[in-house]
Amino acid sequence: MKLILLYSLRNLIARRLTTTLTTCGMALVVFVFATVLMLSEGLKQTLVSTGEYNNVVVIRKGSNVDVQSAVEKQKALLIETLPEIAIDEDGNRLFAKEVIVLIVMPKRETKSPANIVIRGIDEKSVRLRPQVRLIEGRLPNFGLNEVIVGKSISERFEGALLGDKLRFAMRDWTVVGIFDAGNRGYNSEIWGDVNQMMQAFKRPVYSSVIFRLKDSKDFDVVKSKIEKDPRISLEAKRETRYYEEQSEMMSKFLKILGLSLTTIFSIGAIIGAMITMYSAVANRQSEIGTLRALGFQKRTVLGAFLFESLLLGVIGGIIGIIMSSFTQYITISTMNWQTFSQLTFSFTLSLEIVIQSMLFAVFMGLIGGMLPAIVASRKNIVSSLRSA
Amino acid sequence: MKEPVVSIKNICKAYQKGSETIPVIHDITFDIIDGDFLSLMGPSGSGKTTLLNLIAGIDKPDCGEIIVSGINITRLSESELSRWRAINVGFIFQFYNLIPVLTAFENVELPLLLSPLSKSQRREHVISALRVVDLLDRIDHKPKELSGGQQQRVAIARAIVTDPAIIVADEPTGDLDRKSATDVLNLMTRLNDEFGKTIIMVTHDMRAAKRAKTIKYLDKGYLNDSPANTDL
Ligand SMILES: Nc1ncnc2c1ncn2[C@@H]1O[C@H](COP(=O)(O)OP(=O)(O)O)[C@@H](O)[C@H]1O
Ligand SMILES: [Mg+2]
């Protein structure tokens with residue numbers, strides 16, 4: 001039935017204007033749909049790639065993020081003795097006790113205050129995060145008021161250039177290095193000696209501990225030890241999972257907002273397609289009558305019109321996806337509502353999003369074309385022919 | 001004596017207009033023999049198109065039977081009837097009814113899509129049908145790019161391409177100038193003479209009707225062998 005498909009396609013081409021308008025409407029909706037998914041995907045990828053699969057993060061039970069977590073020194077000591085923890089070439093455990101504190105600092109350009117994450121780091125903290133590269137300066141000396149800052153912090157915040165002094169927690173901190181972690185969350189953090197930070201901020205407990213597994217398979221064992229041992233009783237998560245959870249709330253928020261927006265828009269686009277297809281059916285009454293007279297079955301007529309509106313959807317979908325793919329060049333900087341820190345990420349197009357967007361477009365075309373196609377196929381042959 | 005290809009027995013047809021019932025065909029019985037060229041004449045609104053549609057199986061009578069080549073088409077279901085039309089009936093309309101977005105070739109090929117023919121076989125059939133109507137030089141033209149007469153010839157090619165048992169034509173020259181009308185009528189005469197096609201043609205053009213072997217007159221839903229007195 002290639003000719004029938006050709007027939008549908010040529011009809012779309014024949015009424016260029018309405019086809020263009022209808023597909024543009026659909027393209028716009030697909031664009032919104034796709035970009036929302038891309039935003040949420042970009043966020044997720046940024047946060048997930050912040051984590052290492054073989055790293056385990058230990059936090060207080062029920063606290064999703066380390067800002068709200070507390071790990072007592074006693075418990076940290078117990079965890080450090082676990083035999084499943086990897087050991088580096090110098091015989092040291094790849095284990096770090098960390099503290100997370102949120103502070104507010106003015107942005108360089110606008111002077112408006114924004115949240116920043118301060119991470120008190122241990123000797124092995126940098127080693128545990130291979131994505132983190134020092135791009136300027138050196139690592140901080142432990143025991144001194146020295147910090148290294150993430151690239152975005154250095155770019156955006158007052159007094160965060162190499163050699164500058166940052167003032168917080170009633171102390172001056174010398175910026176001795178700048179690090180880059182790609183587009184990962186760490187780029188919006190300031191790192192310094194965990195003991196200095198705890199003293200400065202008057203924190204008696206760590207926020208979290210992190211360690212590398214000797215063997216990835218040991219995770220379940222370690223997890224049950226940490227969670228079941230009454231002396232520890234903390235929560236252990238793979239670092240990837242930990243960051244994925246962090247992205248979930250924001251992803252969900254974006255998705256719900258975006259999808260309710262697209263639902264409203266899509267109703268418009270579906271109605272647009274419906275009007276287009278109804279007028280196509282009305283304009284081609286005698287054509288439909290002729291096809292039926294020649295012996296084409298109702299279902300062929302139904303199929304031809306349905307295919308036509310499906311094509312509208314497909315074209316709209318392709319245009320929408322192409323449009324949305326350009327947003328990949330945009331970088332978004334926003335607040336991570338869970339840690340209240342700055343977060344930088346970009347729209348990320350994945351195959352899954354392309355497929356979902358195309359299905360959505362096809363769905364709009366089909367829904368819009370359904371009734372008109374049914375009407376077309378049910379037309380009485382004789383009265384259709386008389387309408388010539 | 002030739003066999004009747006179409007046998008019409010006591011058919012009637014009425015249309016519903018609101019609460020009113022408009023009788024269009026009253027108890028008509030007649031046969032059309034194989035190879036006939038029948039012309040149906042009568043004033044406007046006398047039921048010519050309705051009768052033709054009933055014979056062609058795109059409309060159903062309220063009573064009576066229509067038997068075409070041994071098949072009682074009034075008993076067929078809608079989809080059976082569709083299949084039957086595709087094989088047995090060639091249609092020629094007053095306004096040609098070509099599909100605007102398809103070329104002459106594709107328009108003629110259209111009814112063959114319902115046959116089991118292969119692509120190359122279809123091509124052969126289309127080419128020979130277009131040769132009969134002398135339009136081989138226009139196969140890639142869209143209907144818009146053809147004159148009325150040429151469009152009607154494409155429509156004739158489409159009507160004969162499946163080699164149907166009967167060809168029905170509703171005022172085939174009604175929209176044509178004299179010259180084109182003559183061409184079309186010549187063609188139809190040739191189909192009847194040379195190819196032995198049974199043709200049923202509705203017309204109110206006397207010149208057209210004269211080409212037919214048999215002329216029947218419809219008047220207010222009744223079929224006569226001679227024109228009613230009121231008819232001019
Ligand atoms: N679908 C229909 N609904 C109502 N009335 C119809 C319909 N089709 C035809 N008629 C009526 O039937 C009568 C015969 O119509 P028709 O067969 O088209 O006549 P003719 O072809 O001889 O001009 C006319 O009065 C017409 O108004
Ligand atoms: Mg008529």
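The values are calculated or read from the model by the stated rules, or taken from the named source; none is laboratory data. It should be emphasised that the depicted structure is a prediction, and the values quoted were computed from it without experimental measurement. Glycine gets a Cβ as well: all are built from the backbone with ideal geometry, and neighbour counts include every protein chain shown. These accessible areas exclude ligands, DNA and RNA; they are computed on the full protein's heavy atoms, side chains included. Shrake-Rupley method; radii C 1.70, N 1.55, O 1.52, S 1.80 Å.
Quick look at the values:
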{"read-out": "First in region B:75-99 and within 16 Å of ligand 1 (Cβ to nearest atom), second anywhere and of a type in the set (Phe, Trp, Tyr), Cβ under 9 Å, 6 or more apart", "value": "B:97/B:91"}
{"read-out": "Subset of region A:158-182 (residues that are out of contact with any Phe, Trp or Tyr (no Cβ under 6 Å at 6 or more places or on another chain) and touching a residue at least 60 places away in the same chain (Cβ under 8 Å))", "value": "A:168, A:181, A:182"}
{"read-out": "Qualifying residues in region B:1-21 (those that are within 14 Å of chain A (Cβ to nearest Cβ) and more than 16 Å from ligand 2 (Cβ to nearest atom)) - the one nearest to residue B:225 (Cα to Cα)", "value": "B:14"}
{"read-out": "Any chance residue A:240 is assigned to a helix (DSSP H, G or I) and more than 27 Å from residue A:30 (Cβ to Cβ)", "value": "yes"}
{"read-out": "Selection from region B:45-76 of residues that are away from chain A (no Cβ under 11 Å), of a type in the set (S, T, N, Q) and closer than 20 Å to residue A:295 by Cβ", "value": "B:69, B:72, B:74"}
{"read-out": "Scope region A:282-316; condition surrounded by fewer than 24 Cβ atoms within 10 Å (Cβ to Cβ) and either more than 14 Å from chain B (Cβ to nearest Cβ) or within 11 Å of residue A:12 (Cβ to Cβ) (or both); matching residues", "value": "A:282, A:306, A:307, A:310, A:311, A:314, A:315"}
{"read-out": "Criterion: among the β-branched types (Val, Ile, Thr), more than 18 Å from residue B:222 (Cα to Cα) and away from ligand 2 (no atom under 16 Å from the Cβ) - qualifying residue of B:73, B:92", "value": "B:73"}
{"read-out": "Flag for residue A:263 being among the polar types (S, T, N, Q), closer than 16 Å to residue A:375 by Cα and assigned to a helix (DSSP H, G or I)", "value": "no"}
{"read-out": "Meets criteria (within 12 Å of chain A (Cβ to nearest Cβ), open to solvent by less than 10 Å² (accessible area, probe 1.4 Å) and touching a helix residue (DSSP H, G or I) at 6+ places or on another chain (Cβ under 9 Å)) for residue B:42", "value": "no"}
{"read-out": "Region A:7-17, subset free of Cβ contacts under 8 Å to residues at least 12 places away in the same chain and open to solvent by 60 Å² or more (accessible area, probe 1.4 Å), residue nearest to the other protein chains (Cβ to nearest Cβ)", "value": "A:14"}
{"read-out": "Boolean, residue A:339 is modelled with pLDDT of 95 or more and either more than 20 Å from residue A:259 (Cα to Cα) or within 16 Å of ligand 1 (Cβ to nearest atom) (or both)", "value": "no"}
{"read-out": "Selection status of residue B:183, assigned to a loop (DSSP other than H, G, I, E, B), among the acidic types (Asp, Glu), away from ligand 2 (no atom under 16 Å from the Cβ) and over 29 Å from residue B:31 (Cβ atoms)", "value": "no"}
{"read-out": "Any hit, region B:53-69, residues being within 16 Å of ligand 2 (Cβ to nearest atom), open to solvent by 70 Å² or more (accessible area, probe 1.4 Å) and under 19 Å from the mean Cα position of the chain (by Cα)", "value": "no"}
{"read-out": "Hits in region A:73-107 - residues which are within 30 Å of residue A:161 (Cα to Cα) and among the small types (Gly, Ala, Ser)", "value": "A:96"}
{"read-out": "First in region B:187-210 and away from chain A (no Cβ under 14 Å) and in contact (Cβ under 8 Å) with a residue 40 or more places away in the chain, second anywhere and within 16 Å of ligand 1 (Cβ to nearest atom) and open to solvent by 90 Å² or more (accessible area, probe 1.4 Å), Cβ under 9 Å, 6 or more apart", "value": "B:204/B:44"}
{"read-out": "Region B:2-21, subset part of a strand (DSSP E or B) and of a type in the set (S, T, N, Q), residue most open to solvent (accessible area, probe 1.4 Å)", "value": "B:16"}
{"read-out": "Some residue of region B:22-39 being surrounded by fewer than 17 Cβ atoms within 10 Å (Cβ to Cβ) and facing another protein chain (nearest Cβ under 8 Å)", "value": "no"}
{"read-out": "Among the residues listed as B:99, B:87, the single one being facing chain A (nearest Cβ under 9 Å), surrounded by fewer than 18 Cβ atoms within 10 Å (Cβ to Cβ) and in contact with a helix residue (DSSP H, G or I) (Cβ under 9 Å, 6 or more places away or on another chain)", "value": "B:87"}
{"read-out": "Only listed residue being surrounded by fewer than 20 Cβ atoms within 10 Å (Cβ to Cβ) and outside the structural domain of residue A:220 (by TED's automatic domain parsing), chosen from A:20, A:81, A:35", "value": "A:20"}
